[in-house]
1. Which residues, counting only those in region 239-273, are at pLDDT 85 or above and within 16 Å of ligand 2 (Cβ to nearest atom)?
2. May I ask you to say which residue of 119, 113 is of a type in the set (Lys, Arg), more than 18 Å from residue 95 (Cα to Cα) and open to solvent by less than 60 Å² (accessible area, probe 1.4 Å)?
3. I'd like the full set of residues that are without any contact (Cβ under 8 Å) to a residue 24 or more places away in the chain and within 16 Å of ligand 2 (Cβ to nearest atom), limited to region 141-158.
4. In region 67-87, is there at least one residue being acidic (Asp, Glu) and touching a helix residue (DSSP H, G or I) at 6+ places or on another chain (Cβ under 9 Å)?
5. Enumerate the pairs (first residue in region 113-140 and of a type outside the set (Phe, Trp, Tyr); second residue anywhere and open to solvent by 50 Å² or more (accessible area, probe 1.4 Å) and part of a helix (DSSP H, G or I)) with beta-carbon separation below 7 Å, excluding pairs fewer than 6 apart on the same chain, so at least 6 apart or on different chains.
6. Kindly evaluate residue 223 against the criterion of being open to solvent by 20 Å² or more (accessible area, probe 1.4 Å) and modelled with pLDDT under 95.
7. Just checking, does region 196-207 include any residue being farther than 24 Å from residue 254 by Cα and small (Gly, Ala, Ser)?
8. Is it true that some residue in region 142-150 is charged (D, E, K, R), open to solvent by 20 Å² or more (accessible area, probe 1.4 Å), under 14 Å from the mean Cα position of the chain (by Cα) and within 13 Å of ligand 1 (Cβ to nearest atom)?
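The values are calculated or read from the model by the stated rules, or taken from the named source; none is laboratory data. Just so we're clear, the structure is a prediction, and the values are computed from it rather than from any experiment. Neighbour counts run over all protein chains shown; Cβ positions are idealised from the backbone, glycine included. Just so you know, the surface numbers come from the protein's heavy atoms only, side chains and all, with ligands and any DNA or RNA stripped out. Shrake-Rupley method; radii C 1.70, N 1.55, O 1.52, S 1.80 Å.
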Amino acid sequence: SDKGQGDMPAHIWDKVKDHPCYSEEAHHYFARMHVAVAPACNIQCNYCNRKYDCANESRPGVTSEKLTPEQAARKVAAVAAKVPQLSVLGIAGPGDSMFDWKKTAATFREVSKLLPDLKYCVSTNGLALPDHLDELAGHNIDHVTITINMVDPEIGALIYPWIYFKGKRYTGIEGARILHERQMEGLEGLTSRGILTKINSVMIPGINDQHLIEVNKEIKARGAFLHNVMPLISDAAHGTAFGLSGQRGPKPAELKDLQDKLAGGANLMRHCRQCRADAVGMLGEDLSQDFTLDKLPEVAT
Ligand code: CLF
Ligand code: SF4
């Protein structure tokens, strides 16, 4: 029988039980790592500061080392040897994991030669996602995160000054509408393939904070497994993190208030640590500086 945990069917429980982001419980026992193999991006978010890692999933920090797929595989092998809790390899930037899909796919291929049992996870803004749905399923990727900050292109135009799509740049509401349509198409395609999805939303006070209630409804209707509302980290110390000058992040009480309003909708993730694109270790822990390229042993491949 399909017996899982609580009201979760076994085939779903199987996919979440050792993923530190998809299961709150698992994050006490399992570690994730990211490899920064995706430097380029196909959209511009007003909150992005590409000097740092993708604000899809990151806080301002030190620029991560850009790796080739082969270097990434060596790094993963080195981490796996020292961090027995490692269960998931994620590609989460510093740009978009699907813009240069060939490189992301090559990374998974290289890593699986060394570590056939590792799980893979990708995070994307969703623009390129509909083009790669079948390949994701083929690479045995059970977990995909899409950053969705709006379902209304008028709000989107305040967040995204432009997107680059099929060789052309689109701005304003037109660009935001294409992004929105691609995100919804991608989410539906993942759901229909049984791939678990997490939606990250960056909460931007005065721009999309109340609108995220609508976002939560729309993603739930399309089968999203988790909704992770992340506070905008305003980056005053590092200059222009947000294209709209003076934009602040939400106060903790504002974030909590919004999360309370979302209760009963798509399940909320509340233990996100807004990892860097090269994070290594348990959530909230970062061993990345122990595994920089110069410190990696040679691996026979
Ligand atoms: Fe990485 Fe993201 Fe996969 Fe997790 S992180 S690609 S789903 S393996 Fe996790 Fe980090 Fe939050 Fe991301 S705590 S920022 S949700
Ligand atoms: Fe920056 Fe990520 Fe937005 Fe691309 S998707 S512009 S890397 S925050």
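1. First, pick out the residues of region 239-273 that are at pLDDT 85 or above: 248-273.
Within region 239-273, 249, 272 qualify.
2. Going through 119, 113 in turn, the sole match is 119.
3. First, the residues of region 141-158 that are without any contact (Cβ under 8 Å) to a residue 24 or more places away in the chain: 154, 157.
Once the filter is applied, which keeps residues that are without any contact (Cβ under 8 Å) to a residue 24 or more places away in the chain and within 16 Å of ligand 2 (Cβ to nearest atom), region 141-158 yields only 157.
4. Within region 67-87, the first condition is being acidic (Asp, Glu), and the residues that meet it are 70.
Filter once more, so that each one left must be touching a helix residue (DSSP H, G or I) at 6+ places or on another chain (Cβ under 9 Å): 70.
For region 67-87, residues acidic (Asp, Glu) and touching a helix residue (DSSP H, G or I) at 6+ places or on another chain (Cβ under 9 Å): present.
5. Close Cβ pairs satisfying both conditions: 130/185.
6. Working: open to solvent by 20 Å² or more (accessible area, probe 1.4 Å): yes; modelled with pLDDT under 95: no.
The answer is no for residue 223.
7. At the first step, the residues of region 196-207 found to be farther than 24 Å from residue 254 by Cα are 196-197.
After this cut, where a residue has to be small (Gly, Ala, Ser) as well, the list is none.
Checked region 196-207: no residue is farther than 24 Å from residue 254 by Cα and small (Gly, Ala, Ser).
8. yes
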